[in-house]
Amino acid sequence: MIRAVLTEVAVFLIPFILYAAYLVITRSALTHRSSWPLRVVGWLLLSALMLVIVSLLLLVHYSGAPPGATYVPAHIEDGRLVPGVEK
């Protein structure tokens, strides 16, 4: 669960990291307030939210079992643990 949350946080931070890299490359003041105007931060926030939404939709669409699959939970056979399988 923590990996999924950290992945989405990382996806959210991508636009901000790219903008900070742009500021470093152009030798602008990275920590100066004038380098982070409200309009730019708004666009970064909007693009970050769109990236998170797209990544969540892709995760839902491409992960999990195929439609109609039946999950057989993990169980013990002959004293050995058999992992769960989707059939």
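The values are calculated or read from the model by the stated rules, or taken from the named source; none is laboratory data. The model shown is predicted, which means the values in this text are computed figures rather than measured ones. Don't worry about glycine lacking a Cβ; one is built from the backbone with ideal geometry, like all the others, and counts go over all protein chains shown.
Among the residues in the stretch 4-23, are any acidic (D, E) and part of a helix (DSSP H, G or I)? Checked the stretch 4-23: at least one residue is acidic (D, E) and part of a helix (DSSP H, G or I). Residue count for the stretch 48-83, restricted to those that are among the small types (G, A, S) and more than 23 Å from T7 (Cβ to Cβ): 4.
For the stretch 30-75, the set of residues classified as touching a residue at least 24 places away in the same chain (Cβ under 8 Å) and either part of a loop (DSSP other than H, G, I, E, B) or among the hydroxyl-bearing types (S, T, Y) (or both) consists of S47, S55, listed by residue number.
Counting just the residues of the stretch 9-29 that are touching a residue at least 12 places away in the same chain (Cβ under 8 Å) and touching a Ser or Thr at 6+ places or on another chain (Cβ under 7 Å), which one comes out surrounded by the most Cβ atoms within 10 Å (Cβ to Cβ)? Step through it out loud before you land on a result.
Quick first cut of the stretch 9-29, residues touching a residue at least 12 places away in the same chain (Cβ under 8 Å) only: 11-16, 19, 23.
Now restrict to residues that are touching a Ser or Thr at 6+ places or on another chain (Cβ under 7 Å): 11, 15, 23.
Numbers: V11: 16, P15: 18, L23: 16.
Checking each candidate, the answer is P15.
Scan the stretch 76-87 for residues that are in contact with a strand residue (DSSP E or B) (Cβ under 9 Å, 6 or more places away or on another chain) and either surrounded by 11 or more Cβ atoms within 10 Å (Cβ to Cβ) or in a strand (DSSP E or B) (or both) and the total you get is 5. Within the stretch 1-27, being among the small types (G, A, S) and at pLDDT 90 or above holds for A10, A20, A21.
Each row is one residue, and each column tells you yes or no for (1) over 24 Å from the mean Cα position of the chain (by Cα); (2) modelled with pLDDT of 90 or more; (3) surrounded by 10 or more Cβ atoms within 10 Å (Cβ to Cβ).
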| position | (1), (2), (3) |
| --- | --- |
| T31 | yes, no, no |
| V41 | no, yes, yes |
| S47 | no, yes, yes |
| I53 | no, yes, yes |
| S63 | no, no, no |
